[in-house]
Every structure is written in structure tokens, then in C-alpha cells.
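Engineer: Sharing a structure below in C-alpha cells format, with a few things to ask.
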Number of protein chains: 2
Amino acid sequence: MTYCLGIVTRSGLVMGADSRTNAGVDYISTYRKLFDLSVPGQRVILICTSGNLSITQAVIHALHQDLKIGENENVHSLLTMYEIACYIGKKIREIQETERPWLERDRIDYTCTLLLGGQIQGEQTELYMIYSQGNCIQAARETPFLQIGETKYGKPIMDRILTYETSVEDAAKCALLSIDSTMKSNISVGPPINLVMYRADSLVVKHQLTLQPGDRYLEDIRKQWEHSIRTAFEQTPDVLWY
Amino acid sequence: MTYCLGIVTRSGLVMGADSRTNAGVDYISTYRKLFDLSVPGQRVILICTSGNLSITQAVIHALHQDLKIGENENVHSLLTMYEIACYIGKKIREIQETERPWLERDRIDYTCTLLLGGQIQGEQTELYMIYSQGNCIQAARETPFLQIGETKYGKPIMDRILTYETSVEDAAKCALLSIDSTMKSNISVGPPINLVMYRADSLVVKHQLTLQPGDRYLEDIRKQWEHSIRTAFEQTPDVLWY
């Protein structure tokens, strides 16, 4: 399983991902699911991937390949984040077209879902979800976050904390707590955790983090959060029976 | 959608359920999903239902019918909670046998899952989940709760708070917060909320509650919880970038 999330607020962007991949519960590996294709000073391009690993690796490979051979359309040449989202969608469609029949006939799930976040000089910071069918949606002010993979365990904390006005520092903290909640409830989501915080209009990713299993900060924040939740629980009045 | 849960601890049992039923998002109704078939002073029998409403109603009807016509096997005659779980499983199998072909050919989901909790004089307080296939599992000391329906949003709070030693009052509060988290994240789970708290060895259900939409206590506890979560969030240290 996978859990990735993106948060876009007035002051910036946060993207986070776990690194656990499993082909059945008896084959668990670690693969990076957060990719940085930025050009510092010009554009920030961050991508998170979920779904069939061979498909998502093929998509990321294709993006790099187009950069390498200097294709007209690539993540560094396109003029808006929306165009990049559509371009990635096109890559997904091309790869699915080849791979799908082979996987489908053995009932292997060939779907994938991606998050794309970033900013191009002169444009707004934006966040998109790109579906397995190649279409996409954009995060809005009313719903400033998008999630892919094992989304449910980590949603309540974001529903309660996040708005478009949330500071990017708080958004990063909320992302980490959301990932931690998911890891606690689903063992197939796990570290290393990759987290990126981007401050709007800086056009450079200055804050990124990889939290390894047993990382002391991750342990501390979890203990502190559990303690606080327990205190919050104790302060909540008992059920009023009548 | 539905969300029901059962919690069994050393000091008793809590069962809770929402009441929202939907046939598509454009047809939402209210149906009770928590049923009390107790005989005060002798046995406490509580059942929560999820899944296809025509199937679960048929199951509950069959249990009442067996009581009415004085069948040898019924929820008041059987000697252990395990026997009652198996008996309910048998009812599910009989009803599925008749209904399944008719529903399946129109691709209608015919499955259902039930929770059974309670205590029979001289026995322990026990909690079971009965699957659509008629088999069942029992909640254990290590995992003192069971959930059916939309289970994920409400699991993190229970994972963090509940153990077998949790007081039954705290278990009731935790159940309500778990249901509230689910309602906040999934609009197809909704009030009235039915909640029952049973103190082990009392053999009488003395605490039950129906919280209507807009109920003041429900609003209060939600506001208080959101405030506490926000405080807990603020107290959690910021992400430590390196």
C-alpha cells in the first residue's frame, strides 16, 4: 500500500509520501514515491506516485527521458502546471495502452494515481491529482489537500486542521501527523517518510526531509501527539446518558 | 453507508451505530441499525447491522420470528454467545441462499456484516463479528473492538485510546468520538446515533442514547474535541528540518 498527500495553502505547498511497497503481505520492499524535477529559481515540480509500481516507474522514466532527449513537451518546457498535469496524463495513457492488456488478462491491478504540485515562475502554486485514466483535478481553496493510496486513516486530522489560510509550517506538521496516523492503522504504509515543504514564490525547495524507521524526531512527535490526544480525550466530557 | 462499532473491555460493552442508509447518493434514508434483544436480568443481546438493508432486515425479522413461534434455537434459548453468533450466521446463510441469485444477476451487493455483543448469565461479556458468509470472529483482549461498514476514519482514535483495561465510560466516549470522526469525513454516515453502554455482570442495559441531528450534546462534544485537537496540534513541535 501507499500513502501520499499534497497540501496547497496561500503560503506554499507540502508534499509527503511513505516508501513501502508490497506485492502481497509476504513481499514488502522500499521504493521512493516522491520525486523532485525542479529547476531551482525557475520552477518547482514535485510528483508523488501510487498504484502499480511498474507503471509509475515507467511514467517517471518517461518524464526523465523526454528531458534527456530534449522533447518539445517536457516538465521543464511547458508553461503552466495544468499543461504539465495533462502531459503526465498523456504519458500515463500511452503506458497503460501498452501494459494494460498484459496485466489485465492475469487480473493484475494496472492502475496508478499521481499527485503533481509546484509552481512555475509568474504562476500560482498549484496542486493536481492525475488519475489512472489520464484526466486530472486541481486542489481548490475550499479543499486545499489531495491524497492518494490509503487515504482514509489520515483524513480526519486534515479535515479538522487544514484551511487555505493554514501556514505552510502547520501544513507540514499536519502532513506528518496524517502520515503517522496512517502508519499506525495500516502496517503496509511505512517509513522512510519523505516530506517536502515549499514556500510560495521562492521557486526553490529549501525544506525536505527523509525520516528513517526509528527516527528520533518521528518517535518524539508520535509520543507527544499520543499524549496530547489522550489529554484531549480526558478533557472531553463523559457521555451524557439520560 | 453505515458505521457500527462494538467495544468489549474488562468492565463492559459498548455498541454504537449511525442510522443513515443510501441507495445511491440521491436516495438517503434513516433506518435503525442497532437492535436490543435482551431479557433483563438473564441475558443482554445487542446486534448492529451493515450491508444490504433488505438482507439485514430479513435476518432481524427471522430472529424475532423464531422467538415468536418458539423455535428450539433462538437468541433467548441458546446457552452461549458463540452459539448465538453461529445461529445468526446460519440465518444469514439461509437468507443469502434465497436472495443472492436474484440480486447477483442484477449486480446488486447482497452482502451484510453484523456485530453481536452481550452477556448470558454465568458467562463472560463477549463481542462477535458475523460475516456475510455466516462465519464469525470474536474480539480479543489484544483487539478489544470490532467495526463494520465505513471503518477507517474512526479507527485511529480507537487505536490510540482503547485497551482491554479502558473503563466502559471511556469506551463509550471513545465510541462517540469515533462515530463523530466518521460523520465528519463521510457524509453518507449520519445521525441519529444510537449508543449503548453495558456494565459487565449487570445483565441489564441501563445506558442507552439516541442522538438526533443537531443534538446539543453531540454539537458540544464535537466542538470541545475539535478545540482540544487544535490545542494538541499547536503543542506538537514543528517539523525539524535539517
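The values are calculated or read from the model by the stated rules, or taken from the named source; none is laboratory data. As the structure is a computational prediction, the values presented were derived from the model and not from experiment. No Cβ is skipped: glycine too gets one built from the backbone with ideal geometry, and neighbour counts run over all protein chains shown.
Engineer: Take the residues in the range B:193-242 that are among the charged types (D, E, K, R) and in contact with an Asp or Glu (Cβ under 7 Å, 6 or more places away or on another chain); name whichever of them is farthest from B:S11 (Cα to Cα).
Structural biologist: Narrowing the range B:193-242 to residues among the charged types (D, E, K, R): B:199, B:201, B:206, B:215-216, B:219-220, B:222-223, B:226, B:230, B:234, B:238.
If we keep only those that are in contact with an Asp or Glu (Cβ under 7 Å, 6 or more places away or on another chain) as well, we get B:222, B:238.
Values: B:R222: 26, B:D238: 39 Å.
Of everything passing the filter in the range B:193-242, B:D238 is farthest from B:S11 (Cα to Cα).
Engineer: Next question, about the same structure. Can you name the number of the only condition in (1) at pLDDT 90 or above; (2) within 15 Å of the chain's Cα centre (by Cα) that B:D201 fails?
Structural biologist: With respect to (1) at pLDDT 90 or above; (2) within 15 Å of the chain's Cα centre (by Cα), B:D201 is out only on (2).
Engineer: Same structure, new question: Name the residue that is nearest to B:P40 (Cα to Cα), counting only residues in the range B:104-118 that are in a loop (DSSP other than H, G, I, E, B) and within 25 Å of the chain's Cα centre (by Cα).
Structural biologist: Looking at the filtered set, the residue picked out is B:T111.
Engineer: Report, ordered by the first and then the second residue, all pairs with beta carbons closer than 7 Å, sequence separation of six or more or different chains, a first member in the range A:83-97 that is at pLDDT 95 or above, and a second member that is among the acidic types (D, E).
Structural biologist: A:Y87/A:E73
Engineer: Among the residues that make up the range B:42-60, is at least one of them of a type in the set (D, E, K, R), closer than 21 Å to B:F145 by Cα and not in a strand (DSSP E or B)?
Structural biologist: Among the residues of the range B:42-60, not one is of a type in the set (D, E, K, R), closer than 21 Å to B:F145 by Cα and not in a strand (DSSP E or B), which makes the answer no.
Engineer: Do you know which residues across the range B:67-85 are of a type in the set (A, V, I, L, M, F, W, C) and part of a helix (DSSP H, G or I)? Steps first, please.
Structural biologist: Here is the first cut: in the range B:67-85, the residues of a type in the set (A, V, I, L, M, F, W, C) are B:67, B:69, B:75, B:78-79, B:81, B:84-85.
Passing the criteria: B:L67, B:M81, B:I84, B:A85.
Engineer: Do we have any residue at all in the range B:116-133 that's of a type in the set (D, E) and within 20 Å of B:Q57 (Cβ to Cβ)?
Structural biologist: No, the range B:116-133 has no match at all.
Engineer: Now, a different point. Does B:P101 count as assigned to a helix (DSSP H, G or I) and in contact with a Pro (Cβ under 7 Å, 6 or more places away or on another chain)? Walk me through it before giving the result.
Structural biologist: Numbers: assigned to a helix (DSSP H, G or I): yes; in contact with a Pro (Cβ under 7 Å, 6 or more places away or on another chain): no.
When the stated conditions are applied, B:P101 does not pass them.
Engineer: Going by what's in this entry, would B:L79 be described as touching a residue at least 12 places away in the same chain (Cβ under 8 Å), farther than 28 Å from B:L177 by Cβ and surrounded by fewer than 22 Cβ atoms within 10 Å (Cβ to Cβ)?
Structural biologist: Yes: the conditions hold for B:L79.
Engineer: Is there a residue in the range B:119-132 that is away from chain A (no Cβ under 14 Å), crowded, with 16+ Cβ neighbours inside 10 Å, among the small types (G, A, S) and out of contact with any strand residue (DSSP E or B) (no Cβ under 8 Å at 6 or more places or on another chain)?
Structural biologist: Within the range B:119-132, not a single residue is away from chain A (no Cβ under 14 Å), crowded, with 16+ Cβ neighbours inside 10 Å, among the small types (G, A, S) and out of contact with any strand residue (DSSP E or B) (no Cβ under 8 Å at 6 or more places or on another chain).
Engineer: Still on this structure: Quick one: A:S167 ticks every box in (1) among the small types (G, A, S); (2) over 18 Å from A:L195 (Cα atoms); (3) more than 14 Å from the chain's Cα centre (by Cα) except a single one, so which number is it?
Structural biologist: Status for A:S167: all satisfied but (2).
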